[in-house]
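The values are calculated or read from the model by the stated rules, or taken from the named source; none is laboratory data. If you're wondering where the values come from, they're calculated on a predicted model, not measured in any experiment. Every residue, glycine among them, receives a Cβ derived from its backbone with ideal geometry; neighbour counts consider all protein chains shown. In case anyone asks, the SASA skips ligands and DNA or RNA and just uses the protein heavy atoms, side chains included. Shrake-Rupley method; radii C 1.70, N 1.55, O 1.52, S 1.80 Å.
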Amino acid sequence: MKRIIFLVIAILVVCVALVPCADLGFAQLHSPFERAAPEFQVAENWVNSKPIHLADLRGKVVLVDFWTYSCINCLRTVPYLNKWQQQYKDRGLVVIGIHTPEFGFEAMPVNVADAVRRLGIQFPVGQDNNYATWKAYENWPWPGF
């Protein structure tokens, strides 16, 4: 009896694996890697650089860090991101921070600039108060990469 149940389950698994999701009524899932990266939609300001556009980054490996300065998990990544930026910049790595506030006080440009200076962040940081870049990249956590 156990063999029959196992065989039925195995056949069902194989059948489901062979039928495309659309045929089952599910929407096709897409990967963020299946489309071009969205343009940075930073309306507020940039810290550590002039405004950055995707055209400026052609041929580079880009790590986009969605963060906010009062998130402890975001703060813990800063030393690693700084190190990677320094260690691999000559090989084409560019780290870009997109500061997206969780709380109102984090939206103030002076607070963001002070946090970037205080934390010793060495890479460009765009301030995304209206979540435009956050949404364009379909991000949802802090930190998000």
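Counted residue by residue at 0.36 nm each, then reduced by the alpha carbon distance between them, the extension gain from Leu63 to Ser49 reaches 3.4 nm. Label-to-label distance for Asp56 and Tyr131 is 2.6 nm, based on points extended 7 Å past Cα in the beta-carbon direction.
Here the Debye sum runs over all C-alpha atoms of the range 99-143 as equal scatterers in vacuum, and log10 of I(q)/I(0) at q = 0.21, 0.24, 0.28, 0.34 Å⁻¹ comes out as -0.73, -0.92, -1.12, -1.26. Net length available on complete extension from Asn73 to Phe145 is 24.7 nm, with 0.36 nm assigned per residue and the Cα-Cα distance removed. Expressed in Å, the radius of gyration and Dmax of the Cα atoms of the range 49-145 are 12.8, 38.
Evaluating 6.51 cos²θ - 1.76 cosθ + 1.60 at θ = phi - 60° for every residue in the range 52-61, the Karplus couplings come out as 10, 10, 4, 4, 5, 10, 4, x, 9, 9 Hz, glycine and proline recorded as x. Rolled with a 1.4 Å probe across the full set of protein chains, the surface gives Glu34 an accessible area near 140 Å².
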